[in-house]
Amino acid sequence: MITVTDTNGVHTIRVIDPGAPHRMGVEAVREFDNEIKVARRAQSSVVLISVQSDAWATSAPTPDSTVAALHQCIQHLYALDTPVVVHLDGQVTGAGLGLALASDLRVASSRTTVGLGDPAEAEGLAGGAAWLLRDRVGSALHEHLMWTGETLDVSTAHAFRLVSAIGDVGDATAHAERLSHLPPTTLSALKRSTRVDVAEPLRTRLNYDQALHVVVDTDRK
Amino acid sequence: MPTPSTNPSRPEPLPDRPAVRVDLHGHVTVLTIDRPATRNALSTEVLSGLVAGLKDASQDPDVRAVVLTGGPHLFASGADLRELREISPADYLQSERLKAWPAIAGFKKPIVAAVAGYVLGGGCEIALSCDLIIAADNATLGQPEINLGIIPGAGGTQRWSRVAGRFAAADIVLGGRTVDAWTARRLGIVSEVVPAELVVERAIEAATRLATKSPIAARLGKAALRASEEIGVTAGLDFERSQLAVLLSTQDHREGIDAFLGKRIAHFEGR
């Protein structure tokens, strides 16, 4: 459910909404993870991820095996050495928010909503949103979304800088193309400056959250 | 991980250029491992090149420090598996390659390792034998020997324990875990993490700073630091004191004190 194009130095990954039962399932995650690895090898200047509709809305509860695959994927996405622009266009919840936050610039359509999901489902434990949200915006927002299950509309998300800009996929493409014209060394240096000593803390946090997810999942059964 | 040949019975032809390139930067010798086709696997040829380079540096009074590197993309990926696969225990214990390790660890002048990319197995052990490690932001360090059914044989178990503590060492030596440059920095192994493009340059700067110090003091200071890994505190303090006593008889020590009191830069001549 993914298509890929390479144009004008931008490696575009389109994530197509597979529909409610399959969104953020283990197959979808592994397919996306493979495309991240391809993007890394492609060595394009910029990666653009276009998320169709509610493709990044998690279907609670997320099985432990999917969480493991998700966490691998998030680390690979976060570690890409080129800028990643993502366009969001629907519900972005739980691990989907983690994937969005692992990107560098988030452009969201006017219908986009973001959240960590229902606390009863503990979806905030899946996908690294805890660490990434705290790192990107702050612990107060993370804890508010986690405990209340509130979903933010795009204007509120933009006010919190959860999204960089409100716009359509053309706007996100324009961002990506603008970046692709920068010298590769500049892009690399800027990206590396945002990733100083974070790989290990992120991995530690993902492993711990995954273990907490197992605890919750076991208790449910 | 060490790089296996696609055909273990047919070694690749060696390039014409030496396995270890030697360059001089003022008082610093830079030894660059130059076998990118094999990811700088530590073949007998490479290790012999390092030994020869260090021997020349040791005998040259103008050389006061050494930089060991593989360039900005990788350091050394470990043992050459083609050589390691068939070797018997007896041959291993008598092999030429074993002479490289004491030559590196026993080198009396300061060595700065400029590491980048894969710094694994024997490559990591070489780095740990040096006095300072400058790591590129793309460096990954580790001892993956356990994944091959063996263990480090050139100091990995001993040096990781001493520099990072037994528990962190177990994660690396027994678990085969690798660490990135920043983690190595936090473990205290790496003194500085720099952009890969600058790792050799920064290592040369660091070595040049070391080269401005009294070469005799540097040698005796290094001996005292190494001794701290071998002997107890009381004996170590005695050794340190004896090294200092020797230095008090040198012209360099008078020059150093005179320069400090005269608010000028000292010029040490190694006498």
### Query
Once you sort the root eigenvalues of the Cα gyration tensor of region B:90-143 as a ≥ b ≥ c, which label holds: rounded (a/c under 1.5), prolate (a/b larger than b/c) or oblate (the other case)?
oblate
### Query
Based on the mean of other beta carbon atoms within 10 Å per residue, what is the order of B:21-33, A:94-106, A:64-76, most packed first?
A:94-106, A:64-76, B:21-33
### Message
Suppose the chain between A:THR148 and A:THR204 were pulled fully straight at 0.36 nm per residue; how much longer would it get relative to their current alpha carbon spacing?
### Response
17.6 nm
### Message
Need one number for region A:16-129: average projected area of the convex hull over its C-alpha atoms, nm².
### Response
6.2 nm²
### Task
Can you put A:MET1, A:MET146, A:MET24 in order of Cβ neighbours within 10 angstrom, beginning with the fewest?
A:MET1, A:MET146, A:MET24
### Task
Give, rounded to the nearest 20 debye, the magnitude of the charge dipole that region A:35-149 has about its Cα centre when Lys and Arg contribute +1 at Cβ and Asp and Glu contribute -1 at Cβ.
360 debye
### Stretch gain in nm, segment A:ALA174-A:ALA211, where the contour uses 0.36 nm per residue and the Cα spacing is subtracted
9.3 nm
### Summary
Farthest towards the positive end of the dipole of chain B, among B:ILE33, B:ILE104, B:LEU261 and with Cβ unit charges of +1 on Lys and Arg and -1 on Asp and Glu, lies the Cα of B:LEU261
### Task
Just subtract the alpha-carbon distance of B:SER95 and B:ASP56 from 0.36 nm times their residue separation and send over the number in nm, one decimal.
11.9 nm
### Task
Please sort A:114-121, B:243-250, B:81-88 by packing, taking for each peptide the average over its residues of neighbouring beta carbons within 10 angstrom, highest first.
A:114-121, B:81-88, B:243-250
### Summary
Working note, chain A: Cα radius of gyration (Å, one decimal) and Dmax (Å, whole number) are 16.1, 53
### Query
Cα gyration tensor of region B:62-166, axes a ≥ b ≥ c as square roots of the eigenvalues: rounded (a/c below 1.5), prolate (a/b > b/c) or oblate?
prolate
### Query
Ratio of region A:11-56's C-alpha Rg to 2.2 N^0.38 Å, to two decimals?
1.18
### Task
For chain B, count the residues as N, evaluate 2.2 N^0.38 Å, and divide the Cα radius of gyration by that value, please.
1.04
### Summary
Treating only Lys and Arg (+1) and Asp and Glu (-1) as charged, each at its beta carbon, one finds that chain B has a dipole about its Cα centre, in Debye to the nearest 20, of 480 debye
### Query
At what distance in angstrom do the alpha carbon centres of region A:106-155 and region B:39-53 lie from each other?
53 Å
### Task
Kindly flag which residue pairs out of B:LYS99/B:LYS222; A:LYS191/B:LYS55; A:LYS191/B:LYS222 have an alpha-carbon separation exceeding 31 Å in this structure.
A:LYS191/B:LYS55; A:LYS191/B:LYS222
### Query
Any idea how far the Cα center of region B:61-125 sits from the one of region B:200-271, in Å?
26 Å
### Summary
In debye to the nearest 20, the charge dipole size for the protein assembly as shown, taken about the Cα centre with +1 at each Lys and Arg Cβ and -1 at each Asp and Glu Cβ, equals 1320 debye
### Task
Return the FRET efficiency for the residue pair A:ARG134, B:SER242: r is the Cβ-Cβ distance, R0 is 45 Å, and the value is rounded to the nearest 0.05.
0.25
#### Entry: Residue exposure sequence - B:ILE134, A:ILE2, B:ILE265, B:ILE216 - by fewest surrounding Cβ within 10 Å
B:ILE265, A:ILE2, B:ILE216, B:ILE134
### Task
Would you work out which of B:THR157, B:LEU54, A:THR151 lies farthest towards the positive end of the dipole of the protein assembly as shown? Charges go on Cβ: Lys and Arg +1, Asp and Glu -1.
B:LEU54
## Note on the structure
Of the convex hull enclosing the alpha-carbon atoms of the protein assembly as shown, the direction-averaged projected area in nm² is 29.2 nm²
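None of the figures in this text is laboratory data; all of them are computed from the coordinates on show. Nothing here was measured: the structure is a model prediction, and the numbers come from that model. Ideal geometry is used to build each Cβ from the backbone, glycine not excepted, and the neighbour counts take in all protein chains shown.
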